[in-house]
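The values are calculated or read from the model by the stated rules, or taken from the named source; none is laboratory data. These numbers were taken from a predicted model, which means no experiment stands behind them. Cβ sites come from the backbone with ideal geometry, for glycine too, and all protein chains shown count toward neighbours. All accessible areas refer to the heavy atoms of the entire protein, side chains included, with ligands and DNA or RNA removed. Shrake-Rupley method; radii C 1.70, N 1.55, O 1.52, S 1.80 Å.
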Amino acid sequence: EILKNENQINAYNGKAISNDKNLEIKSDKFIYLKDSDLLKSSGNGEALINSEKITIKFDDALFDPKNQNIKASGNVEVYQIDNSLIIQSDEILYDQKKNIISSSKTTKLEDNKGNIHFVDSFVFEIEKDLIKVQNLIAKDNQSNTYKTSIAFLNVKSGKIFGKDIKIELNNSSGSNQNTYRLKGNSVKIDGDYSEITKGIFTTCQKRESCPPWAFTAKNIKHDKKKQEISYDDAFLKIYDVPVAYFPKFFHPD
């Protein structure tokens with residue numbers, strides 16, 4: 001449908017393909033604005049980036065060929081054909097020049113191992129297989145909860161590196177008396193294995209002052225398969241006063 005007065009072309013139930021054939025877009029409706037050289041898409045949208053094997057699904061999108069970017073909104077879902085991570089957000093921006101997908105909206109990231117991550121914002125550097133996120137709240141397949149201010153997720157390996165980590169372990173005993181929790185300066189998560197630097201562990205209930213007892217250590221390692229927490233250079237503190245030192249120490253999680 002060609003509208004001469006508006007210098008506009010409308011198309012329905014079709015496909016748009018970039019000149020280099022790297023980008024393919026399907027949608028219920030396209031509106032091409034000739035004066036501004038912008039392509040609007042609405043309804044059951046899907047963009048395939050062939051070179052990266054990335055699919056972006058959306059309700060609405062704006063394609064800017066001049067600046068080489070795509071802004072997609074409404075039930076956005078991003079996934080790579082070769083990987084198992086799905087990104088869900090209300091809005092994303094794909095910068096074709098930098099090969100980066102980003103969002104400043106609350107986003108859900110989910111892998112095929114049952115790990116779910118919620119973040120305030122993210123930047124996905126596609127060539128590096130790296131996602132940088134702000135304010136991560138994650139729950140793994142054992143219902144352990146992880147919170148970090150800044151984290152890096154490797155899409156291929158699944159490894160996570162985080163800063164200012166807080167972990168609440170799932171209390172399988174069902175008791176409300178104890179909360180099994182760790183916190184530290186940083187964390188490295190690799191599958192069922194987590195390593196925390198300059199960490200603290202306690203099962204005391206949360207309170208404004210220091211816990212009645214806690215273990216502090218240079219390194220704390222949590223092995224979910226062995227269900228074990230181990231320490232390097234550990235101190236047992238009673239009301240923040242060191243009362244015992246252990247070069248090596250471990251206990252069940």
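Return a yes/no flag: does the range 201-209 have any residue that is under 22 Å from F161 (Cβ atoms) and at pLDDT below 95.
yes
Search the range 63-81 for residues being among the polar types (S, T, N, Q) and farther than 25 Å from K156 by Cα, and hand back the single one that is nearest to the chain's Cα centre (by Cα).
S73
What are the residues in the range 213-227 that are touching a strand residue (DSSP E or B) at 6+ places or on another chain (Cβ under 7 Å) and either at pLDDT 95 or above or open to solvent by less than 60 Å² (accessible area, probe 1.4 Å) (or both), if any?
We begin by selecting, within the range 213-227, every residue touching a strand residue (DSSP E or B) at 6+ places or on another chain (Cβ under 7 Å); these are 213-223, 227.
A214, F215, T216, A217, N219, I220, K221, H222, D223 - these are the residues of the range 213-227 that are touching a strand residue (DSSP E or B) at 6+ places or on another chain (Cβ under 7 Å) and either at pLDDT 95 or above or open to solvent by less than 60 Å² (accessible area, probe 1.4 Å) (or both).
Let me confirm something: among N99, N44, which residue is in contact with a helix residue (DSSP H, G or I) (Cβ under 7 Å, 6 or more places away or on another chain) and without any contact (Cβ under 8 Å) to a residue 60 or more places away in the chain?
After ruling out the rest, the residue left standing is N99.
Residue check: is L48 over 23 Å from the mean Cα position of the chain (by Cα) and at pLDDT below 95?
no
Among the residues of the range 107-128, how many are surrounded by 14 or more Cβ atoms within 10 Å (Cβ to Cβ) and over 14 Å from K159 (Cα atoms)?
Qualifying residue count, the range 107-128: 10.
If I filter the range 59-83 down to residues being of a type in the set (A, V, I, L, M) and open to solvent by 50 Å² or more (accessible area, probe 1.4 Å), which single residue comes out as modelled with the lowest pLDDT?
The residue in question is I81.
When both residues are 6+ apart or on different chains and their Cβ atoms are under 9 Å apart, which pairs have a first residue that lies in the range 129-154 and is surrounded by 17 or more Cβ atoms within 10 Å (Cβ to Cβ), and a second that is at pLDDT 95 or above and not in a strand (DSSP E or B)?
From the range 129-154, the pairs are V133/D120; L136/D120.
For the range 14-58, what are the residues that are β-branched (V, I, T) and either outside any strand (DSSP E or B) or open to solvent by 60 Å² or more (accessible area, probe 1.4 Å) (or both)?
I17
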